[in-house]
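Participant: After the structure tokens below, expect a handful of questions from me.
The values are calculated or read from the model by the stated rules, or taken from the named source; none is laboratory data. Model, not experiment: these values are computed from the prediction. Here Cβ is always computed from backbone atoms with ideal geometry, including for glycine, and neighbour counts include all displayed protein chains.
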Amino acid sequence: MDFREYIENNKIILLVLPNETYSKVIMDTVRKLDNTFKGIIYVNMNNLHSSLMKKFKENNINENNFFFVDVITKSTMSDFKEPENCISVDSPSNLSQIGIVISEALKEGDFQCLLFDSLSTLLIYNRGSDVTMFVNSVISKARTFDTIAVFTVLKDDTESNFIKKLGMFVDKTINFD
Amino acid sequence: MKITKFHVDALRELGNMAAGKASSSLSSMVDKKVNLSPPAIDIIPIKRIPELLGGQKKMIVGIYSKLSGNVYGTMMIVMPIKSAMSLSDIMLNKKSGSTKALSQKDQENLIEIGNVMIHNYLNVLINFLGMKTECEKPRIVSTFGESLPDFILLGTKTKYTILLRTDFKIQKNVEGDVILSIEVESVPKFIGALEKKLKQG
């Protein structure tokens, strides 16, 4: 089964990534998604936008195939000017705003895939139960718009109960070793 | 300007005093003993910062402030997320392990801790060297440890930096780093002030 077929058969996927290889695996995944789908929403919670673009370049990923929901850069650089394919959210604790921005993007754009990187960052600022509800709502939206959704969590920084709970809502949990 | 072993040793000692003052302020805030490691000092091209500071493959919380005036650079207090949560427990007198997520109040407390530590650290440098240095209001960021250098290097245009780093530990639950990165353009002023002070005895 090839990557596209595998992803399309599962639709909503949770990637449990080991801390040791997180940076590499996430870029490998982004590159595969870029090569497979047209129009990807990337919810970026861990990298300054400029650093992420540098990584995209190094990994031959086409940034123009992405729409970025940036939840980190504005809080660090108040003078950050978003490029056309990017919208900022003030804080990772503002789940409602993140949800609204994702909804609007799904409604207005033609996106085949959504990548949420990562839920572990959301869990720093929000209770597990709130994040679970939030993820459920994003999953519903993704199903409504027939968009593939890929969520990531860091294995060592995420409680195993949370991962188990999420496992009940997604179509497939993939553990990277 | 040539930086000699003598300069490096003097900077290390100064870093030690500054970190001691910062940890003492932290100790007062949490009413617990804070243990410090001897400071590490590196004078390195900034492209090596990721290699030196980006090793933490875990989620971290950083409280950082950009410096300006006679010295340009960044000061940062960095902790693994579990340590940040334990520090919040200690600050609010909560049972160990109670904090599961950093609320707005927790974040404000951590920023305040960072603020006090950064100011105390810098005051030692400023008073000892007689330099004018201002720091902007600290910000808090959480990210994967490997992205940390991006925040330290934010807005940096120089090729070299002096990096002073001290580990701190409170009991078994809280550990972190106090990091001072000084941009190379500031180094002659910094070393000049240091030499002047040392000559004065």
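Participant: Any idea which of (1) surrounded by fewer than 22 Cβ atoms within 10 Å (Cβ to Cβ); (2) of a type outside the set (S, T, N, Q); (3) within 21 Å of A:T173 (Cα to Cα); (4) within 14 Å of chain B (Cβ to nearest Cβ) is the one A:F37 doesn't satisfy?
Facilitator: Result: A:F37 fails condition (4) only.
Participant: Turning to a different aspect of this structure: Restricting to region A:100-130, count the residues that are over 16 Å from A:C86 (Cα atoms) and either of a type in the set (F, W, Y) or surrounded by fewer than 15 Cβ atoms within 10 Å (Cβ to Cβ) (or both).
Facilitator: Final tally of qualifying residues: 3.
Participant: Restricting attention to region B:127-136, which residues are outside any helix (DSSP H, G or I) and either within 11 Å of another protein chain (Cβ to nearest Cβ) or of a type outside the set (D, E, K, R) (or both)?
Facilitator: B:G130, B:M131, B:T133, B:C135, B:E136
Participant: For region A:133-162, name all the residues that are crowded, with 17+ Cβ neighbours inside 10 Å, β-branched (V, I, T) and either under 13 Å from the mean Cα position of the chain (by Cα) or more than 10 Å from chain B (Cβ to nearest Cβ) (or both).
Facilitator: Within region A:133-162, A:V135, A:V138, A:I139, A:T147, A:I148, A:V150, A:T152, A:V153 meet the criteria.
Participant: Tally time: how many residues in region A:163-177 are in a loop (DSSP other than H, G, I, E, B) and surrounded by 13 or more Cβ atoms within 10 Å (Cβ to Cβ)?
Facilitator: Total meeting the criteria: 4.
For every residue, the table says whether it meets (1) closer than 29 Å to A:K24 by Cα; (2) more than 14 Å from chain A (Cβ to nearest Cβ); (3) hydrophobic (A, V, I, L, M, F, W, C); (4) outside any helix (DSSP H, G or I).
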position	(1), (2), (3), (4)
B:Q107	no, no, no, no
B:H119	no, yes, no, no
B:L125	no, yes, yes, no
B:E146	yes, no, no, no
B:K197	no, yes, no, no
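Participant: Hey, another quick one. Report those strands (runs of 3 or more DSSP E) wholly inside region B:1-98 carrying at least 3 residues which are modelled with pLDDT under 90.
Facilitator: Here the list reads B:40-45.
Participant: To continue, here is another question. So B:L14 ticks every box in (1) away from chain A (no Cβ under 14 Å); (2) surrounded by fewer than 18 Cβ atoms within 10 Å (Cβ to Cβ); (3) in contact (Cβ under 8 Å) with a residue 60 or more places away in the chain; (4) over 21 Å from B:E112 (Cβ atoms) but one. Which box is left unticked?
Facilitator: All conditions pass for B:L14, except number (2).
Participant: If a residue must be in contact with a strand residue (DSSP E or B) (Cβ under 8 Å, 6 or more places away or on another chain) and either within 18 Å of B:N173 (Cα to Cα) or surrounded by fewer than 24 Cβ atoms within 10 Å (Cβ to Cβ) (or both), how many such residues does region B:49-73 contain?
Facilitator: 17
Participant: Looking only at region A:29-54, count how many residues are within 19 Å of A:G99 (Cβ to Cβ) and touching a Gly at 6+ places or on another chain (Cβ under 7 Å).
Facilitator: 0
Participant: Of the conditions (1) more than 9 Å from chain A (Cβ to nearest Cβ); (2) without any contact (Cβ under 8 Å) to a residue 40 or more places away in the chain; (3) more than 16 Å from A:P92 (Cβ to Cβ), B:D150 satisfies every one except a single condition; which number is it?
Facilitator: Of everything listed in (1) more than 9 Å from chain A (Cβ to nearest Cβ); (2) without any contact (Cβ under 8 Å) to a residue 40 or more places away in the chain; (3) more than 16 Å from A:P92 (Cβ to Cβ), B:D150 misses just condition (1).
Participant: Would you confirm, using the coordinates I've provided, whether B:I191 is out of contact with any strand residue (DSSP E or B) (no Cβ under 7 Å at 6 or more places or on another chain) and either under 30 Å from A:M53 (Cβ atoms) or surrounded by 17 or more Cβ atoms within 10 Å (Cβ to Cβ) (or both)?
Facilitator: Yes.
Participant: Being touching a Leu at 6+ places or on another chain (Cβ under 9 Å) and either within 25 Å of B:G130 (Cα to Cα) or surrounded by fewer than 15 Cβ atoms within 10 Å (Cβ to Cβ) (or both) is the filter here, so list the residues in region B:33-43 that pass it.
Facilitator: Those that are touching a Leu at 6+ places or on another chain (Cβ under 9 Å) and either within 25 Å of B:G130 (Cα to Cα) or surrounded by fewer than 15 Cβ atoms within 10 Å (Cβ to Cβ) (or both): B:P39, B:A40, B:I41, B:D42, B:I43.
Participant: It is to be established whether one or more residues within region B:152-171 are surrounded by 17 or more Cβ atoms within 10 Å (Cβ to Cβ), under 14 Å from the mean Cα position of the chain (by Cα) and in a loop (DSSP other than H, G, I, E, B).
Facilitator: Yes, some residue in region B:152-171 is surrounded by 17 or more Cβ atoms within 10 Å (Cβ to Cβ), under 14 Å from the mean Cα position of the chain (by Cα) and in a loop (DSSP other than H, G, I, E, B).
Participant: Which of (1) surrounded by fewer than 14 Cβ atoms within 10 Å (Cβ to Cβ); (2) within 20 Å of B:S28 (Cα to Cα); (3) touching a Ser or Thr at 6+ places or on another chain (Cβ under 8 Å); (4) not small (G, A, S) is the odd one out, the single condition B:K105 does not satisfy?
Facilitator: (3)
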